[in-house]
Amino acid sequence: MEVFEIKHRYSHKKENYLDYVPSHNTVYTYTKNKRGLITIRVPNTGWINQMAQWFFGMPKVSSIQLDAYGSYVWEQIDGKRDVLALACLMKERFGQKAEPLYERLIRFLETLRENKYIHLNKGGEEIQEAGHASKRCCHEA
């Protein structure tokens, strides 16, 4: 199995990205449409955004629309499943259409993290046990 690493900015410590557990940022709400696609609602707060709303008609809330793959991953993020478990679920649901699976999933999660839509956490006994179970599942598939 490939190891996807997170390199920390100020240390030489490397960690396997597949062991991280994503969780939603509760600051943002989301909705699901009839087709099952997720829309993340992002409030535009702060004085710069207020000025842009007043002068340029910027909306008070922006809508970030996810595609079928992103919507599925978003719904599977529960704060307990690690990235490897999410990859297994993607493989089960979409099969070959999800390839290149790990690169695609990690890039999507990184984009969500960079925009502060999710947090990536590591640790906790329950989380680690769930991760080990998912590794068995993924190797069997």
>> For LYS80, what residues show an amide H to amide H distance below 5 Å, using hydrogens built from the backbone and excluding near sequence neighbours?
In response: none
>> Tell me the volume per residue, in Å³, of the convex hull enclosing the alpha carbons of segment 15-140.
In response: 126 Å³
> How large is ³J(HN,Hα), in whole Hz, for each residue of segment 44-50 in order, when computed from phi with the Karplus curve 6.51 cos²θ - 1.76 cosθ + 1.60 and θ = phi - 60°, using x for Gly and Pro?
Replying inline: 9, 10, x, 5, 5, 5, 5
> With each pseudo-label sitting 7 Å past Cα toward Cβ, what's the LYS116-THR29 distance in nm, one decimal?
Replying inline: 1.9 nm
> How would you order 103-116, 54-67, 35-48 from highest to lowest mean count of nearby Cβ atoms within 10 Å?
Replying inline: 103-116, 35-48, 54-67
> Under 5 Å between amide H atoms, partner at least 5 residues away or on a different chain: which partners does ILE118 have, H built in plane at 1.01 Å?
Replying inline: ASN25, ARG113
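None of the figures in this text is laboratory data; all of them are computed from the coordinates on show. Keep in mind it's a predicted model, so treat the numbers as computed, not measured. FYI the Cβ positions are ideal-geometry reconstructions off the backbone, even for glycines, and counts take in every protein chain you see.
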